[in-house]
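Let me begin by presenting the structure, written as C-alpha cells, before commenting on it.
The values are calculated or read from the model by the stated rules, or taken from the named source; none is laboratory data. As the structure is a prediction and not an experimental result, all values here were calculated from the model. Reconstructed Cβ throughout: ideal geometry from the backbone, glycine too, with neighbour counts over all protein chains shown.
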Amino acid sequence: MNTHDTIAYFSMEIGLEPAMPTYSGGLGVLAGDTIRAAADLKIPLVGVTLLHRKGYFYQRLDAQGWQSEEPVEWVVEDFLTELPARVTVTIEGRRVQVRCWRYTVTGVSGFPVPVYFLDTDLPDNTEWDRTLTHFLYGGDQRYRLSQEIILGIGGVRMLRALGYSSIIRFHMNEGHSSLLTLELLDEEVRAAGRQTVTDDDIAAVRQRCVFTTHTPVPAGHDQFPLELVDRVLGRREVFDRRDVFCCEGLLNMTYLGLNLSHYVNGVAKKHGEVSSHLFAGYVIDSITNGVHAATWVSSPFQALYDRYIPGWKQDNFSLRYALSIPKPHVWQAHLQAKRHLLEYVNRETNAGLDVDVCTLGFARRATVYKRADLLLTDIERLRHIAAHTGPLQIIYAGKAHPQDQGGKEVIRRIFQAKERLKPDIKVVYLQNYDMAVGKLMTAGVDVWLNTPQPPLEASGTSGMKAALNGVPSLSVLDGWWIEGWIEGVTGWAIGEDGRDGSERSKVVASLYDKLEHVVLPLFYRERERFLEVMLHAIALNGSFFNTHRMMQQYVLKAYF
Ligand SMILES: *Cc1c(COP(=O)(O)O)cnc(C)c1O
C-alpha cells in the first residue's frame, strides 16, 4: 500500500459500476470518472464514500408516468472486499462502529486506486445506527447529518486506521464531506497537546484541503440548524470559532469547506463566476469537468479509435486527430451504436423505433430546472416539423428525487405528450436511468438535447459523453457547453443569438427553428456535413472535456 503523499478524495456518492447503486447522478459519475482518471495517470489517490447498502432507488414508472421508488438490492460481497479495520464516531452521544469495504480501480497501465466504502451495518450498533449508511440522499436532516459525520469524521479516522499517515491533500467533492476539516483540526489540536484551536491549526488544515462546489443556487447547499448539530454531533470547542463554523445559526457545509480550503473551484468557467458572486469574498477558480473517455466510448467507437488513434486511452488529447478518420467508417460505427440503443429501447418499451429516423436523446435527473418537456411545448409545431422536414423520434430517461414533486410531474407531462404525438412522432421514456442506460443513450442517439434554465447547470457531463461518441449537442448555452460550443461546428446552441437561454417562449422558438432549419436538413440532406460536425465533436470536445485533462488541472492547480 502506498501511504505516502496520498490524495484523499471524499465524495458522498461514487459511481464505479452500473450494478453498484452507490451513486445517484452527475456528482457520483464525476467522482467515479475522476478516480478512473487518477488510476490511468498514476496519481496516488484514494477514494472515500459511504456504502449505500440500499442504493439511491430503483425507479418504476406506471403507464401514466407516475414514478414509484424501491430500495435497490445488491450483494455487496460480490463487488467489495471487507477489511478488518474498525473505527468509531460519536452520533447523538452514542458510539457508532464503522467498518469499510474496498474496491480497487485499476488504470490503463495497471496502477491501482482503492476506494473505501464506509458501513455502519454492524451487530454492535443500534438498529437505527445500522441504517445510517443504507440510503443515498434518503431520510431527513438528522439522517443526513449523521451520514456526513460518518463520511467526514469517520472517513479520516478510517484512513488513519488503514495506515495512511501522510495524506498531503484532502479533496472534498461538494460539501457533504466538509466535516473532515473538523477531524483534521482535532488532530492538530491533539498533536499540539492543546484544548483550543489556534490560527496556526486553521492555517495548517487549510493548506491541506481542496474544495469543489457543484451547486449554483444557495438552496442547493447543505446546511444544518446549530441546535441539530449540537444534538447530533455534540458540543465542540471549535464552534467557538464563529469565523470558521457559524453563519446565522446554521452550520453551512459549503462555507465550512470554503473556510478551510486553500483552493476552491467551480466545475465550469461560468460556474466559477457564478460561485464567486454567490460566495463573495472567496477566491473561486474553475476547473471544467470531464468524463472518463475509455468508460464512455461505445465499443464500435473504441474499435474505430484503436484502429486510427492507437494509444487514445492513455492519451485522450490524441482524440484531436479524429478529423482524419474516414467518414464512412464513422457513420458505420455510429449506426452500430445506434442499433445497440434501439434494440434495447424496443425490447424494453415495444416502441418500434427505426434506425433510419433522426433520434434525439435527453437523459437527466428529472427536476424542473432541467426543463425536459421544453421540446414538447408545442405539439403541433413539432408534428409539422417532423412531417415537412424529416421524421423524428425521441428517447428520454431520468429519475426524479423521491421528494421532488415538480420533477415527478415533468415525467408525467412527457408521458401525456407521448400519447398526443402518436403515431407521428415516437417518444419513449426509459425506466431506471443509470450509467448503463446513460452509456447506451449518449452513444446511440443522433443529437443530444439539453435545455436547462441558465445558470443552473453547473457543468453537465452527459453532453461530453455524447461528444466522445461523435454525437453533437443541441443545447442551451449553460455549463460546459458555453466552452464546447462552436455553432455548426461542434453542435448547435438553443436561445436567441445563442445567448438568451432563460425566457421560455424564446427558447422554445429557437429550439424548433434550429431543428427545422438546421439540424434535420443537415441530418437528412447533407450527411457529409453532418458527419463533419460529428468529427469536430470528437476532435475538439472529446479531446478536451475528459477527466485526463481535468485531473491534470487538479494536479497543477490544487494538489501540488
Ligand atoms: C453522466 C450521467 C449523469 C450526469 O449527466 P448531466 O449531463 O450532468 O445531467 C447523470 N446520471 C447518469 C446515470 C449519468 O451517466
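Within 15 Å of the ligand (Cβ to nearest atom), among the polar types (S, T, N, Q) and crowded, with 21+ Cβ neighbours inside 10 Å, is that true of Asn432?
Working: within 15 Å of the ligand (Cβ to nearest atom): yes; among the polar types (S, T, N, Q): yes; crowded, with 21+ Cβ neighbours inside 10 Å: no.
No; evaluated as a whole, the condition is false for this residue.
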Check: Got a number for residues in segment 275-291 being surrounded by fewer than 23 Cβ atoms within 10 Å (Cβ to Cβ), touching a residue at least 24 places away in the same chain (Cβ under 8 Å) and farther than 20 Å from Gln552 by Cα?
Finding: 3
Notebook entry, point to check: Mind checking which pairs have a first residue in segment 413-435 that is touching a residue at least 60 places away in the same chain (Cβ under 8 Å) and farther than 14 Å from Leu382 by Cβ and a second that is within 16 Å of the ligand (Cβ to nearest atom) and part of a loop (DSSP other than H, G, I, E, B), Cβ under 7 Å, 6 or more apart or different chains?
Noted result: Tyr433/Gly398; Tyr433/Lys399; Asp434/Pro18; Met435/Gly15; Met435/Pro18
Notebook entry, point to check: Mind checking which residues of segment 22-66 are farther than 23 Å from Ile153 by Cα, within 12 Å of the ligand (Cβ to nearest atom) and part of a loop (DSSP other than H, G, I, E, B)?
Noted result: Gly25
Checklist line | Residue count for segment 1-13, restricted to those that are among the hydrophobic types (A, V, I, L, M, F, W, C) and either within 13 Å of the ligand (Cβ to nearest atom) or part of a strand (DSSP E or B) (or both) | finding: 3
Check: With (1) more than 16 Å from the ligand (Cβ to nearest atom); (2) outside any helix (DSSP H, G or I); (3) at pLDDT 95 or above as the list, and Tyr512 as the residue in question, which single condition is left unmet?
Finding: (2)
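Would you point out the residue of segment 444-458, among those that are among the aliphatic types (A, V, I, L, M) and assigned to a loop (DSSP other than H, G, I, E, B), that is farthest from the ligand (Cβ to nearest atom)?
The residue in question is Val445.
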Checklist line | Check on Gln416, surrounded by fewer than 18 Cβ atoms within 10 Å (Cβ to Cβ), within 16 Å of the ligand (Cβ to nearest atom) and more than 30 Å from Val274 (Cα to Cα) | finding: no
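Only one residue in Val507, Val519 is modelled with pLDDT under 95, farther than 27 Å from Asp285 by Cα, over 18 Å from the mean Cα position of the chain (by Cα) and surrounded by 20 or more Cβ atoms within 10 Å (Cβ to Cβ), so which one is that? If you could, list the steps in order and put the result at the bottom.
Values: Val519 fails: modelled with pLDDT under 95.
Matching residue, one of Val507, Val519: Val507.
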Next item on the list: Identify the residue in segment 356-409 that is basic (Lys, Arg) and crowded, with 17+ Cβ neighbours inside 10 Å and, among all such residues, is farthest from the ligand (Cβ to nearest atom).
Entry: Lys408
Next item on the list: Tell me which of these Lys270 doesn't satisfy, since it passes every other one: (1) touching a helix residue (DSSP H, G or I) at 6+ places or on another chain (Cβ under 8 Å); (2) part of a helix (DSSP H, G or I); (3) more than 27 Å from Phe560 (Cα to Cα).
Entry: (3)
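Restricting to segment 206-247, count the residues that are acidic (Asp, Glu) and buried (at least 19 other Cβ atoms within 10 Å of the Cβ).
First pass over segment 206-247, keeping only residues acidic (Asp, Glu): 222, 227, 230, 237, 240, 243.
Among the residues that remain, those that are also buried (at least 19 other Cβ atoms within 10 Å of the Cβ) are: 222.
The number of residues fulfilling the criteria is 1.
Looking only at residues that are of a type in the set (Gly, Ala, Ser), within 15 Å of the ligand (Cβ to nearest atom) and not in a loop (DSSP other than H, G, I, E, B) in segment 459-495, which one is farthest from the chain's Cα centre (by Cα)?
Here the answer is Gly491.
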Check: Give me the pairs: first residue in segment 175-188 and over 16 Å from Ala161 (Cα atoms) and in the same structural domain as Ile202 (by TED's automatic domain parsing), second residue among the charged types (D, E, K, R) and not in a helix (DSSP H, G or I), beta-carbon distance under 7 Å, and six or more apart or on different chains, which are they?
Finding: Gly175/Asp222; His176/Asp222
Next item on the list: Scan segment 21-43 for residues that are among the aliphatic types (A, V, I, L, M) and over 15 Å from Tyr9 (Cα atoms) and jot them down.
Entry: Leu41
